[in-house]
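Report on one structure; see the data block that follows.
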Amino acid sequence: MTQRITIDPITRLEGHGKIEIFLDDDGNVANTYFQIPELRGFERFCVGRPVEEMPLLTNRICGVCPEAHHMAAAKAADAVYHVDVPRTGKMLRELLYSAFYCTDHTTHFYALAGPDFVMGPDAPVAERNILGVIHKVGLEIGGKVIQMRKYGHTVVEMIGGRKVHPCTSIPGGLTKGITEEQRKEIEEMGKWAIEFAHFSLKLFADVVLGNKAYVDLILGDVYTHQTYYMGLVDENNKVNFYDGKVRVVGPDGKEFVKYSPKDYAEHIAEHVEPWTYLKFPYLKKVGWKGFTDGKDSGVYCATPLSRLNAADGMATPRAQEEHDKMYKTLGGKPVHQRLATHWARLIELLYAAERWVELVTDPEITSPNFHAIPTEKPTEGVGIVEAPRGTLTHHYWTDERGVVTKVNLIVGTTNNYAPISMSINKAASSLIKKGTVVTEPLLNMVEMAFRAYDPCFGCATHSLPGQMPLEITIRDAQGNPVQVLKQFVD
Amino acid sequence: MSKPKFAMYWAASCGGCEIAVLNIHEKILDVDANFDVVFWPVAMDAKYKDVEAMEDGSILLTLFNGGIRNDENEHIAHLLRKKSKILVAFGSCACEGCIPGLANFSPINEIVETAFSTISTDNPQGIRPQTSYQMPEGEIHIPTLYPVLRTLDSVVDVDYYMPGCPPESHQIGAVIDLVVQVLQGKAELPPKGATIGAGNSTVCDECKRTRNVKTIKEFSRIQLMHADPELCLLEQGIPCNGVATRSGCDARCPTAGAQCIGCYGPAEGVIDYGARLVSAFASVIDANDPAEIDRILDGLVDPAGQFYRFNLAGSLLKAGKSAFQRSNV
């Protein structure tokens, strides 16, 4: 008799996700399906629009990380016009983006991932949330998290014009610069962000690394997959969020390929399954071998941990120290244990804060030379940035007036669709066995498998307390409920 | 006495409305102090079936964002309508379709075809998503996409409209203040059907740029010039939509040097946004010769998008509404 466990709806996702777990006759997991029910059609309806509107239209793909789409679109539009953005323009965009990263990574760590570690995966449900974290580690931390969010959004608004859906990046640069007064304010906030990042890393060291049970959990097999890793790197092969080449390393940590954004389609292809609206990207030259890891499977991962695995290090000094500390603790590159992604995310938080201060203290940041007027005929262009949740690729073709004729998008979280599916499958298979009583903490352990990826359909949840609620109905082959389990459902 | 109940839901949306609500910062505590939040998938963990179990009309206030793109969105719209005393179409998607409403220019099969035949898609067998699919272990399902994106009021009765993409946080704060005052008996609700959390004039009226009532000889593209930071963008030839767009955002985009793209929807009294904008643009064109006028208008490279960027699904055109009614999907 086949049993079926349906997790539907998974709330606190952007849109709606659904997980189906099928058990075999013995009660072991036969298979799992992670389905995405959404399709809005941006690749079709952006056709016919002026290319300078793409940073405004594609913002609306995601209101949680519109900054990432705004930047990738602006870079693709720069490429369409073959225009080189002046140094100040590039720095302003990267400054906005660094501030955004600080906000985004902070809220994920404290509100989503932190509770699993600070409170423990099997802590009482009512305590395993941001409020529990605050009660345990002190009220002032809650205030700091809110402060970090505010500062990040303040910088986004100063440079981007708006807090949500920024509007100032155009082909060739930006519509505005910043004043010296604003510069000073941004610098003060950036310095505070560096201290906040250090504080967060120390909290992680005390709470997680100081607890053998957590270290064992991180290093254990349940949350481990040996895949390829992707990330954007600068000319020194250091992590960069805004610009550079895409580097991919193999499961052995060696460079597999390093490609320029314009060549992405030679290296990335997307597999289609009929049971979901989302595609599964993979490395074209390795090939799609199904939901499996290892060097013969083209499945790759694009997350904070992937970026650190794919790079030789961090471009700022303090983040480099923390980077070295992590790899020394976990046994060198690459790290395959998915739960270490949380640690990598905090190292990126520190890098973003350091980069923020580097950029805002550059003497040219207040220069009025933030826009170069395009002079060449628009044709085709690719823009790539690292979204917090993975490498984000925008590719546009236009006619000679700069009107879009074709669009291709490979969005951050999409990169990780196959690895997330595999992680859910592995966690479920490892945790649910013949005779297992499916308990709430056990369900949370399944959740932890994909929470590490910070999937974008969940990124909207960043600043609020709580856990992802699951409702699991175990059905017999006739569809009759055998057992209903709930967590966080009244 | 128990507190009145509050709900917020996202249908086909981007999550930006939720972020805008979070950006009211400490005012979120007013919501918590005055309401019992019973359903808000982004923030808390109640399920559809918890809503189904509530008495009809038991939720005082529901903020509904996102358009109606599939059968699941519509199902929840009906459910929340039944359970809510006050249902607010919150944000541009629910009010008028927003950017995802531009999909209504294309048949749904083209939208799916495009997504599953891009240059990076490896799909030699032409696989398309199936709403139900038989796997070896059993049948699995995903929602049915509708032929067009619909606004909230095209599927259920709506009490108020709160425009913006997303609504500005200070406007959200003001609406929360108002509702709290109503609860305390210190204010009255606006008449049903009213637009709330926005102004009654146009973005131009809020814009601090200098206007000289100057006419133009050609339209320009914002990237192809260094725009004057003080002067009206439309007078510089940049197709700025402020003149037809409802006020309420403090003219944020023009202030930052970018053209208004119309996210607050039609200004008060405007029946069709595109028609108003056509007439506004026509009035700044400095030409009487039809050939010359044609040449100037050619500078608007995407008239359909320019005039109906945010409000195609809710416009008089109701693009695709008849297609929807004809369709059996």
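Read-outs throughout are calculated quantities, based only on the coordinates presented, and are distinct from any laboratory measurement. Treat the numbers as computed from the prediction; the structure is a model and nothing was measured. A quick note on method: Cβ atoms are made from the backbone with ideal geometry, for glycine too, and the neighbour counts reach across all protein chains shown.
Can you give the charge dipole size of the protein assembly as shown about its Cα centre, rounded to the nearest 20 debye, using +1 on the beta carbon of Lys and Arg and -1 on the beta carbon of Asp and Glu?
The calculation lands at about 280 debye.
Would you mind computing, in nm to one decimal, how far apart the modelled labels at residue A:367 and residue A:285 are, each placed 7 Å from Cα along Cα→Cβ?
Each label point lies 7 Å from its Cα, and together they span 3.7 nm.
Once amide H atoms are built 1.01 Å from N in the peptide plane, which residues 5 or more positions from residue A:18, or in another chain, come under 5 Å H to H?
Answer set, sorted by chain and number: A:35.
Could you identify which residue out of B:116, B:90, B:310 has the top mean-square fluctuation in a GNM of chain B using Cα springs shorter than 10 Å?
B:116
From the Cα gyration tensor of the range B:203-298, with a ≥ b ≥ c the square roots of its eigenvalues, which class applies: rounded if a/c is under 1.5, or else prolate if a/b is larger than b/c, or else oblate?
Since a/c reaches 1.5 but b/c is at least a/b, the shape of the range B:203-298 is classed as oblate.
For a footprinting-style exposure proxy, rank B:211, B:252, B:128 by other Cβ within 10 Å, fewest first.
Starting with the residue having the fewest Cβ neighbours, the order is B:211, B:128, B:252.
So if I place +1 on the C-beta of Lys and Arg and -1 on the C-beta of Asp and Glu, and nothing else carries charge, what would the dipole magnitude of chain A be about its Cα centre? I want it in debye, nearest 20.
Using only the charged Cβ atoms, the result is roughly 220 debye.
Using the Karplus curve 6.51 cos²θ - 1.76 cosθ + 1.60 with θ = phi - 60°, work out ³J(HN,Hα) for each residue of the range B:53-59 in order, rounded to whole Hz, and write x for Gly and Pro.
7, 6, 5, 4, x, 7, 8
So which lysines pass the test for residue B:208, namely a Cα distance under 27 Å, with those fewer than 8 places away in the same chain ruled out?
Of all the lysines, those that pass the test against residue B:208 - Cα under 27 Å, at least 8 places apart if same chain - are A:150, A:163, A:176, A:184, B:217.
Step through the residues of the range B:130-147 one at a time and calculate ³J(HN,Hα) from phi using the Karplus curve (6.51 cos²θ - 1.76 cosθ + 1.60, θ = phi - 60°), rounding each to whole Hz and writing x for Gly and Pro.
10, 5, 9, 9, 8, 9, x, 8, x, 8, 10, 10, 9, x, 8, 6, 7, x
Which lysines have a Cα lying under 16 Å from the Cα of residue B:192, excluding residues fewer than 8 positions away in the same chain?
B:85
For the Cα atoms of chain A, what angle does the longest principal axis make with the long axis of helix A:440-451, in degrees from 0 to 90, nearest 10?
In chain A, helix A:440-451 runs at an angle near 30 degrees to the longest axis.
For chain B, set up a GNM with springs between Cα atoms under 10 Å and report which of B:101, B:126, B:138 has the largest fluctuation.
Fluctuation is largest for B:138.
Rounded if a/c is under 1.5, else prolate if a/b is larger than b/c, else oblate: which is the range B:146-283, with a ≥ b ≥ c the root eigenvalues of its Cα gyration tensor?
prolate
Kirkwood hydrodynamic radius for the protein assembly as shown: how many Å is it when counted over pairs of different Cα atoms?
Over the protein assembly as shown, the inverse of the mean reciprocal pair distance is 27.0 Å.
Please give every one of the lysines within straight-line cross-link reach of residue A:279, meaning a C-alpha to C-alpha distance under 18 Å, and leave out same-chain neighbours fewer than 8 residues apart.
A:18, A:289
By its C-alpha gyration tensor, with a ≥ b ≥ c as the square roots of the eigenvalues, how is chain B shaped: rounded for a/c under 1.5, else prolate for a/b larger than b/c, else oblate?
oblate
Using only the alpha carbons, work out the radius of gyration and Dmax of chain A in angstrom.
Calculated on Cα positions, Rg and Dmax stand at 22.1, 71 Å.
For a quick check: with amide H placed at 1.01 Å from N, whose amide H comes under 5 Å from residue B:54's, ignoring anything fewer than 5 positions away on the same chain?
Sorted by chain and number, the residues that satisfy this come to none at all.
Of B:208, B:49, B:27, which is the most mobile in a GNM of chain B whose springs link Cα atoms less than 10 angstrom apart?
B:49
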